[in-house]
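First the structure, in the form of structure tokens, and then the observations on it.
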Amino acid sequence: MEIPVIKMDELYGEKRSETLLLLHDACAQWGFFWVENHGINHDLMDKIKELVNKHYKENMEKNFYGSEIAKTLGPDKVASNVDWECSFMYHHQPKSNIHDIPELLRITVPEYAEEVVKLAEQLAEVMSENLGLDKDYLKKAFCKPSVGIKVAKYPRCSHPEAVMGLRGHTDAGGIILLFQDDKVPGLEFMKDGRRISIPPTQGNRIFVNLGDQIEVISNGIYKSIFHQVLPNQNGSRLSIATFYNPGADAIIFPAPRLTYPSQYSFQDYLNFYSTTKFTDKVSRFQITKTVFK
């Protein structure tokens, strides 16, 4: 199965309608997709990748392999409740923790975050539009969006059958934008009951998946998908995941326009139906919510 690819520049040209439809299908049927022509500076992407790998080699790798999980893992020692990863979290907004991240990355990571936020906001707008909502609906629903970046390495693992890189889960938040390794695979998503391997990134693509709050706000039209990371015997995998999430005080609920009428008698509906039978069903449901309050 071919993972959908959204070319962001085509949202603003002759192929806009076609691209909007492709994005809607990706959100509704897949819950994840690739993004190309996203506007994030490629030199900046190359730089953050280089610096993260450098920091890992110089500061994280030795400590990880000296940890208890690494020393005790073996063919007869399965680690079922831990993740084979080393990582740190950068909080970009509303409050930065810039002084908690490695000094080597304190300039580049915030610069990268600013560019990814722009992409996240573009996606939020067109997703809102595709749902028939005001284009700023998702951003307003997120109420001062929170943005964080999880920088992770999934170290080479001599016994990948004995541990997970990252145990299976859905993401709690909103829109997740992943810049990942261009050589080492490991990420898997579910699709129609099957595990789909996400290949290494090509040409600085961004991989996007949707979190639980998008599923709730869209009333289940868009999907948050179960995924996991497998460790690799041949190399360490890079993952730079940006989380564009609701603010901590955001009150999350399905967009009223996307919900069904809540309560009415069938006879009342039939009476209303007799005069609106040949109109659009969605419009009829919307009017029903007003008529049968």
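The values are calculated or read from the model by the stated rules, or taken from the named source; none is laboratory data. Computed from a predicted model, the values in this text were never measured in an experiment. Reconstructed Cβ throughout: ideal geometry from the backbone, glycine too, with neighbour counts over all protein chains shown. The area values use the complete protein model at the heavy-atom level, side chains included, leaving out ligands, DNA and RNA. Shrake-Rupley method; radii C 1.70, N 1.55, O 1.52, S 1.80 Å.
Remark: the chain carries a charge dipole of roughly 540 debye about the Cα centre, counting +1 on each Lys and Arg Cβ and -1 on each Asp and Glu Cβ.
Backbone phi angles across segment 272-282, fed through the Karplus curve with coefficients 6.51, -1.76 and 1.60 (θ = phi - 60°), yield HN-Hα couplings of 5, 4, 4, 9, 10, 3, 9, 9, 5, 4, 4 Hz in residue order; Gly and Pro are listed as x. Taken about its Cα centre, segment 1-141 carries a charge dipole of roughly 420 debye when the Cβ of each Lys and Arg holds +1 and the Cβ of each Asp and Glu holds -1.
Just to verify a number: FRET efficiency for Q93 and Q267, C-beta to C-beta distance, R0 = 41 Å, to 0.05?
So, using R0 = 41 Å, E works out to roughly 0.20.
Taking a Cβ cut-off of under 14 Å around K15, the surrounding Lys, Arg, Asp and Glu residues balance to a net charge of -3, with basic ones at +1 and acidic ones at -1.
A Förster distance of 35 Å, applied to the separation of the beta-carbon atoms of K183 and F278, puts the FRET efficiency at 0.05.
Between E103 and S17, the contour length at 0.36 nm per residue exceeds the Cα-Cα span by 26.5 nm.
Apolar share of the accessible surface for segment 140-257: 52 percent from carbon plus sulfur atoms, 1.4 Å probe. Across segment 231-247, computed HN-Hα scalar couplings (Karplus, 6.51 cos²θ - 1.76 cosθ + 1.60, θ = phi - 60°) run x, 10, 7, 10, x, 9, 9, 8, 9, 10, 9, 9, 10, 9, 10, x, x Hz from first to last residue, x flagging Gly and Pro. Centre-to-centre separation between the Cα atoms of segment 212-238 and those of segment 1-61: 15 Å. In this structure, R194 and D136 have a Cβ-Cβ separation that, at R0 = 30 Å, corresponds to a calculated FRET efficiency of about 0.25.
Structure note, pairs K62/K191; K183/K223; K77/K183; K139/K277; K7/K223: Cα-Cα distances above 32 angstrom occur for K62/K191; K139/K277. Label positions at A28 and T259, each projected 7 Å from the Cα along the C-beta direction, are separated by 2.1 nm.
Working ranking of peptides 201-207, 146-152, 10-16 by packing, defined as the average number of other Cβ atoms within 10 Å per residue, highest first, is 146-152, 201-207, 10-16. The residues of the chain expose, per residue, 52 Å² of accessible area to a 1.4 Å probe. For segment 153-160, 3J(HN,Hα) computed residue by residue from phi via the Karplus equation (6.51, -1.76, 1.60; θ = phi - 60°) reads 10, 9, x, 3, 10, 6, 9, x Hz, glycine and proline entered as x. For the pair I252 and V78, label points projected 7 Å from Cα toward Cβ lie 3.1 nm apart.
Here, the chain yields an orientationally averaged convex hull projection of 18.5 nm² when only Cα atoms define the hull.
Ordering V208, H24, T108 by the projection of their Cα atoms onto the charge dipole of the chain, which places +1 on the Cβ of Lys and Arg and -1 on the Cβ of Asp and Glu, puts H24 at the extreme positive end. Placing unit charges on the Cβ atoms of the charged side chains and taking the dipole of segment 1-146 about its Cα centre, the candidate lying farthest along the positive direction among Q122, L138, N53 is N53.
Towards the positive end of the charge dipole of the chain, with charges on Cβ (+1 Lys, Arg; -1 Asp, Glu), say which of H159, I225, H38 has the farthest Cα. About the Cα centre, the residue reaching furthest to the positive side is I225.
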